[in-house]
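The values are calculated or read from the model by the stated rules, or taken from the named source; none is laboratory data. Computed from a predicted structure; not experimentally measured. All Cβ positions, even for glycine, are placed from backbone atoms using ideal geometry, and neighbour counts span all protein chains on display.
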Amino acid sequence: MIEWGVTDLGYEVLEKSGLARRIEEEWDSISDQLPFGAFVDEWEIKDLIKKDMPQERKMAIKKYLKENQEYDRKPADIFMISGKATDVILTKEERDDPKKFGVKNLSQLDGLIAAFCLTKHSSNPLAGESYYAWHSSGFRTQIHGDTNGDLQIHQVRTKPKGKNDFFGKLQDSYINAHYDYWPVLVATALKYTDTIGVKIPEAKNWQEFMKQKGWNGKIVNSRFSGSMGYGGFIFDYLGRIIAQLPDKTNAREVGKLFFGEMRPDSSHEVSYLPVIDLEQNLVFVSNSGVGQPIELAPYGYMIKFYPRVCVPKSDATHMFKGAVHGIMTHQSRTRPEFLAYMFWEYDQIGAGKSVEEIMKESHKFDKN
């Protein structure tokens with residue numbers, strides 16, 4: 001799947017030119033111009049051409065109308081060439097001098113600004129609680145919950161193909177996991193960073209971090225909570241490993257099951273598994289996909305897995321914060337007091353306590 005997005009070069013131009021800041025300042029007005037609907041009627045496009053606009057824009061719109069059939073005309077495509085967002089943030093004089101913003105012509109300026117606005121909108125499409133998104137290391141990654149509370153991880157590859165590619169229809173990939181797996185994603189961030197020796201400040205100071213997100217200080221034992229928490233956390237954390245390339249890829253050989261598996265639902269044949277690659281990045285792979293596969297044996301026999309989402313080593317904190325943000329802003333079904341209990345267990349593991357000791361002490365959190 002592909003969608004309009006900004007490349008690494010585009011983000012650099014937007015920041016250096018001040019356009020990103022101006023978009024932020026005028027976002028309320030830009031929001032009124034954002035596209036909606038499944039397709040655009042021909043009369044809407046012709047009405048747009050009749051408006052007073054630079055000839056360069058009119059030519060671009062006419063060309064699009066000619067080259068695309070009725071049901072291929074997408075609102076986002078029209079937004080990209082209409083200049084609506086550009087006209088909100090720039091004066092006519094600024095618009096007529098696009099090179100001052102680091103681009104070569106008006107069409108490139110319109111497209112860059114529009115692509116950035118579409119990307120920004122995707123982080124808060126319903127004008128409610130914002131999704132957690134970050135851009136780094138050639139990727140833009142977003143973590144959020146859908147209307148059912150299921151876990152969604154969406155990643156766009158932002159590395160430009162050419163030296164002047166500031167935006168384009170960029171390749172993206174998804175993970176769609178059942179709502180049970182929100183705390184598993186948090187736990188995967190913890191297990192991953194402990195495995196490679198990286199620290200997450202927000203994990204160490206999780207109580208302060210959660211209070212900033214509205215946590216009331218309550219901790220409840222989630223062991224018998226079903227889908228609302230991670231009841232088997234201590235057993236999985238101590239008894240499983242994250243698969244690692246090149247040699248720790250067979251559960252039978254390493255003698256431990258793999259940590260962090262997720263699925264769209266409990267009966268679904270598709271599965272996602274975190275793997276630590278040769279550069280110590282975390283890569284979520286799936287037994288369904290395209291591209292160059294790797295072979296893993298999570299059940300003792302080899303299965304082909306295809307890369308879906310990459311979390312660079314430097315972005316481990318973002319994965320942790322994004323998962324916690326989704327839970328604390330009610331985008332998931334996991335209750336904050338159950339997440340707090342998992343963090344309490346994590347602290348006990350860090351203190352060197354045995355499972356028996358943790359289980360004994362956990363009874364003080366049994367009451368809701």
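Side notes on the structure shown:
- Where a residue in the range 248-269 is surrounded by 12 or more Cβ atoms within 10 Å (Cβ to Cβ) and its partner, wherever it lies, is of a type in the set (Asp, Glu) and in a helix (DSSP H, G or I), with Cβ under 7 Å and at least six apart: Phe259/Asp236
- The single residue among Ser227, Ser222 that is hydroxyl-bearing (Ser, Thr, Tyr), modelled with pLDDT under 95, in the same structural domain as Ala297 (by TED's automatic domain parsing) and surrounded by 19 or more Cβ atoms within 10 Å (Cβ to Cβ) turns out to be Ser222.
- Residue list for the range 129-164, filter: among the acidic types (Asp, Glu), surrounded by fewer than 17 Cβ atoms within 10 Å (Cβ to Cβ) and touching a residue at least 60 places away in the same chain (Cβ under 8 Å): Glu129
- Test: Leu9 is of a type outside the set (Asp, Glu), in a loop (DSSP other than H, G, I, E, B) and in contact (Cβ under 8 Å) with a residue 12 or more places away in the chain: no
- Candidates Phe235, Phe209, filtered to the one that is assigned to a helix (DSSP H, G or I), in contact (Cβ under 8 Å) with a residue 12 or more places away in the chain, aromatic (Phe, Trp, Tyr) and touching an Asp or Glu at 6+ places or on another chain (Cβ under 7 Å): Phe209
- Residue in the range 273-281 that is assigned to a strand (DSSP E or B), surrounded by 18 or more Cβ atoms within 10 Å (Cβ to Cβ) and polar (S, T, N, Q) present: no
- Pair list, Cβ < 8 Å and 6+ apart or interchain, from the range 292-315 residues that are at positive phi and in contact (Cβ under 8 Å) with a residue 40 or more places away in the chain to residues that are in a helix (DSSP H, G or I) and loosely packed, with under 15 Cβ neighbours inside 10 Å: Gly300/Arg252
- Close pairs (8 angstrom Cβ cut-off, 6 or more residues apart or separate chains): farther than 25 Å from Asp96 by Cα and free of Cβ contacts under 8 Å to residues at least 12 places away in the same chain in the range 52-75, among the charged types (D, E, K, R) and outside any loop (DSSP other than H, G, I, E, B) anywhere: Asn68/Asp77
- Taking first residues from the range 87-116 that are within 17 Å of Gly18 (Cβ to Cβ) and partners that are surrounded by fewer than 20 Cβ atoms within 10 Å (Cβ to Cβ) and acidic (Asp, Glu), the Cβ contacts under 6 Å between residues at least 6 apart in sequence or on separate chains come to Val88/Glu26; Ile89/Glu26.
- Taking the criterion of being in contact with a Gly (Cβ under 9 Å, 6 or more places away or on another chain), over 23 Å from Met210 (Cα atoms) and not hydroxyl-bearing (Ser, Thr, Tyr), the residues of the range 305-358 that qualify are Phe305, Pro307, Arg308, Cys310, Pro312.
- In this structure, Gly300 qualifies as more than 20 Å from Val156 (Cβ to Cβ) and either among the small types (Gly, Ala, Ser) or surrounded by fewer than 16 Cβ atoms within 10 Å (Cβ to Cβ) (or both).
- Some residue of the range 185-193 being farther than 20 Å from Ser288 by Cα, in the same structural domain as Ala114 (by TED's automatic domain parsing) and either charged (D, E, K, R) or buried (at least 24 other Cβ atoms within 10 Å of the Cβ) (or both): no
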